[in-house]
Amino acid sequence: YYLLSGIVLPLTESNGILYDFSEEIKNGSYSKYMVKPLSPLGYFLTLSFARALFPLLSTTVVLSAAMISFGGYFETLRLINVLKAIPMVFLGAVLSMTMGYIIAMATFKLTDIGFIFALQGIITSLLAGALIPLHMILGTGVAMWLPFSYTLYYPVMLCMGKSDIPLPQAMGIVSIWIVVLLMVA
């Protein structure tokens with residue numbers, strides 16, 4: 001679980017970009033997004049994916065080498081489960097990045113949101129299952145409706161073939177959360 005979450009985690013963390021956007025709002029350079037024919041949200045999402053690409057690739061290479069070298073110590077992954085998890089990883093990343101964008105935009109109303117960034121990181125890590133698998137904390141019922149569980153916990157469990165929620169249902173729940181968050185954004 002923890003090794004697979006190490007692969008998915010870089011896609012759900014956009015803290016550096018949150019600080020960058022917050023600073024741009026504070027110092028007034030955010031106006032460049034308002035002048036250019038460019039969607040600030042689209043730019044934020046693209047930048048988040050671009051910044052997550054190198055850590056994602058490097059983590060995947062290192063963990064793949066470890067799985068090849070020490071294969072007997074790892075649970076065997078089935079290709080079909082990994083392929084099912086890929087769209088959920090993407091949707092979870094969009095969900096996480098949209099939440100981050102909304103928090104960064106709070107800088108328009110608040111002067112210092114460093115505390116909010118830190119609190120968001122702690123809450124998201126806990127409720128996404130980065131620290132402890134969610135089924136150990138909440139069971140499977142509550143976690144199903146939280147948006148955080150689809151950013152890390154569900155894709156990893158799906159990859160391992162141990163998910164309790166059918167893929168179409170999970171994709172529907174995540175899509176609803178994304179639409180709600182995009183409307184807020």
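A few comments on the model shown:
- Residue order for 60, 151 - accessible surface, 1.4 angstrom probe, largest first: 60, 151
- Within the range 97-118: backbone nitrogen closer than 20 Å to the residue 43 label point (7 Å, Cα to C-beta): 97-110
- As a calculated quantity, the FRET efficiency between residue 132 and residue 23 at R0 = 25 Å, using C-beta atoms, amounts to about 0.15.
- Angle between the chain longest axis and helix 15-27 axis [Cα atoms, degrees, rounded to 10]: 0
- The count of lysine pairs in the chain with alpha-carbon distances below 26 Å, taking only pairs 8 or more places apart or on different chains, stands at 5.
- Axis of helix 79-105 versus longest Cα principal axis of the chain: the two differ by about 20°, to the nearest ten degrees.
- Sorted on the mean count of surrounding Cβ atoms within 10 Å across their residues, most packed first, peptides 165-171, 97-103 read 97-103, 165-171.
- Viscosity 1.306 mPa s, 10 °C: Kirkwood-radius Stokes-Einstein D of the chain over Cα pairs, µm²/s: 92
- Segment residue 2..residue 175, full-extension length gain: 59.7 nm, with 0.36 nm per residue of separation and the alpha-carbon distance subtracted.
- Helix axis angle, 114-128 relative to the chain longest principal axis, alpha carbon, degrees: 20
- Residue-averaged [θ]222 nm for the chain, counting only DSSP H segments that reach four residues, each worth -39500 (n - 2.57): -23000 deg cm²/dmol
- Accessible area per residue was computed with a 1.4 Å probe on protein heavy atoms; residue 83 scores about 90 Å².
- Extension gain from residue 111 to residue 66, taking 0.36 nm per residue of separation minus the Cα-Cα distance: 11.7 nm
- Whole-number percent relative contact order across the chain, with pairs defined as alpha carbons under 8 Å at least 6 apart: 34
- One chain, two ends: residue 50 and residue 145. Fully extended at 0.36 nm per residue, the span grows by 31.3 nm beyond their Cα-Cα distance.
The values are calculated or read from the model by the stated rules, or taken from the named source; none is laboratory data. For clarity, every value in this text was computed on a predicted model and none was experimentally measured. With ideal geometry, Cβ positions are generated from the backbone for all residues, glycine too; neighbour counts draw on all protein chains shown. For accessibility, only protein heavy atoms count, side chains too; no ligands or nucleic acids. Shrake-Rupley method; radii C 1.70, N 1.55, O 1.52, S 1.80 Å.
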